[in-house]
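Working notes for the structure below.
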2 protein chains.
Amino acid sequence: MALKYSRQREAIKEFLSGRKDHPTADAVYMEVRREFPNISLGTVYRNLTLLADLGEIARVNVGDGVDHFDPNTALHYHFICRACGCVQDLDIDNIVNINEMASAGFDGEIGGNVTYFYGICGKCKRKQLS
Amino acid sequence: MALKYSRQREAIKEFLSGRKDHPTADAVYMEVRREFPNISLGTVYRNLTLLADLGEIARVNVGDGVDHFDPNTALHYHFICRACGCVQDLDIDNIVNINEMASAGFDGEIGGNVTYFYGICGKCKRKQLS
DNA sequence: ATAAAAATAATAATCATTTCTATTATTGTG
DNA sequence: CACAATAATAGAAATGATTATTATTTTTAT
């Protein structure tokens, strides 16, 4: 099944590429709908899954029950605010090799890890003080 | 709303305490049903949530779309097999302080992190070789 | 221009989980 | 022990995210 161009898919990719807030499928739907008023949610889901499978975007599971999508496919870590639920990128320069640590004394093979951090984001922290 | 005893809740707690395989709510339901043939799935969910809120068990999100439950509430890490989906405990002795690393240059407050490892478990690895 | 194949919109289905409600079980007090 | 207050239950319906289905529309190679 050779890939065929679709304006909807381009719009989804285009929208996502300008985002740093890791939108959900529904958030993508809401926005792309302004350009394509009768795009269906199913189309959004199908294309997000396709793009993720192609490796053009990343699906991010931060444990809040909803999938988020990230135009940045490079390895990096995420922070999730317990107060507002926002998802932000973290810039950890020292990449610790926790995979090797975990491999010690384990009889299987560790291929990777998923790590996310949670707490209170800067905005919510400032709001609490006032 | 003061807590009241319930035989169903005891059975759920009892069953879970003897497990190392991190069962899902449905798996708990299937087993406890042998003792309480008409326990409802809703009761299982409600009690698992209650026990987790009380801190007597832990809810484990390993990114497979289903919640798992763990009688071990102490800090430890999990491994998920990409082949069979099993969830195992990992024994990492050196606990790296990645929270502090992530905090560097971040304007919010990091309270914790969720980390899980994935790969091929020992059993599946051996199966692949044969 | 056209026909094959892929993508779409709209809708129905699925799956995990939560909520609702009438009934049952637990428990503190007389 | 009886009994009333209230928490917990079973069963069923509801919810929310996601996937599947299908008839129609787009894309694209010839």
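All of the numbers you see were taken from the coordinates with simple rules; none came from a lab. What you see is a predicted model, and the numbers here were worked out from it, not measured in a lab. Positions of Cβ are generated from backbone atoms using ideal geometry, with glycine treated the same way; all protein chains shown enter the neighbour counts.
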Checklist line | Residue list for the range B:1-21, filter: among the aromatic types (F, W, Y) and either part of a loop (DSSP other than H, G, I, E, B) or in contact with a Phe, Trp or Tyr (Cβ under 6 Å, 6 or more places away or on another chain) (or both) | finding: B:Y5
Note to self: For the range A:64-78, which positions are under 8 Å from the mean Cα position of the chain (by Cα) and either within 16 Å of DNA strand D (Cβ to nearest atom) or exposed (fewer than 14 other Cβ atoms within 10 Å of the Cβ) (or both)?
What the structure shows: A:D67, A:H68, A:F69, A:D70
Next item on the list: Kindly indicate the residue of the range A:42-79 that is in contact with an Asp or Glu (Cβ under 7 Å, 6 or more places away or on another chain) and closer than 21 Å to B:V62 by Cβ and also nearest to the other protein chains (Cβ to nearest Cβ) among those meeting that condition.
Entry: A:N61
Next item on the list: Output the residues belonging to the range B:50-63 that are more than 12 Å from the chain's Cα centre (by Cα) and over 17 Å from B:S17 (Cβ atoms).
Entry: B:D53
Next item on the list: Would you confirm whether any residue within the range B:17-37 is hydroxyl-bearing (S, T, Y) and facing chain A (nearest Cβ under 9 Å)?
Entry: no
Check: Pairs under 6 Å by beta carbon, first residue more than 22 Å from B:F79 (Cα to Cα) in the range B:51-69, partner of a type in the set (A, V, I, L, M), six or more apart or different chains?
Finding: B:L51/B:I57
Check: Restricting to the range B:33-61, what's the tally of residues that are closer than 25 Å to A:G105 by Cβ and within 11 Å of DNA strand C (Cβ to nearest atom)?
Finding: 2
Note to self: Can you tell me how many residues within the range B:1-58 are within 16 Å of B:P71 (Cα to Cα), among the small types (G, A, S) and within 13 Å of DNA strand D (Cβ to nearest atom)?
What the structure shows: 2
Check: Within the range A:1-41, how many residues are among the hydroxyl-bearing types (S, T, Y) and surrounded by 15 or more Cβ atoms within 10 Å (Cβ to Cβ)?
Finding: 2
Item checked: Any chance B:F79 is away from DNA strand C (no atom under 16 Å from the Cβ) and not polar (S, T, N, Q) -> yes
Checklist line | Hey, B:L90 under 14 Å from the mean Cα position of the chain (by Cα), more than 11 Å from DNA strand C (Cβ to nearest atom) and more than 14 Å from chain A (Cβ to nearest Cβ) or not | finding: no
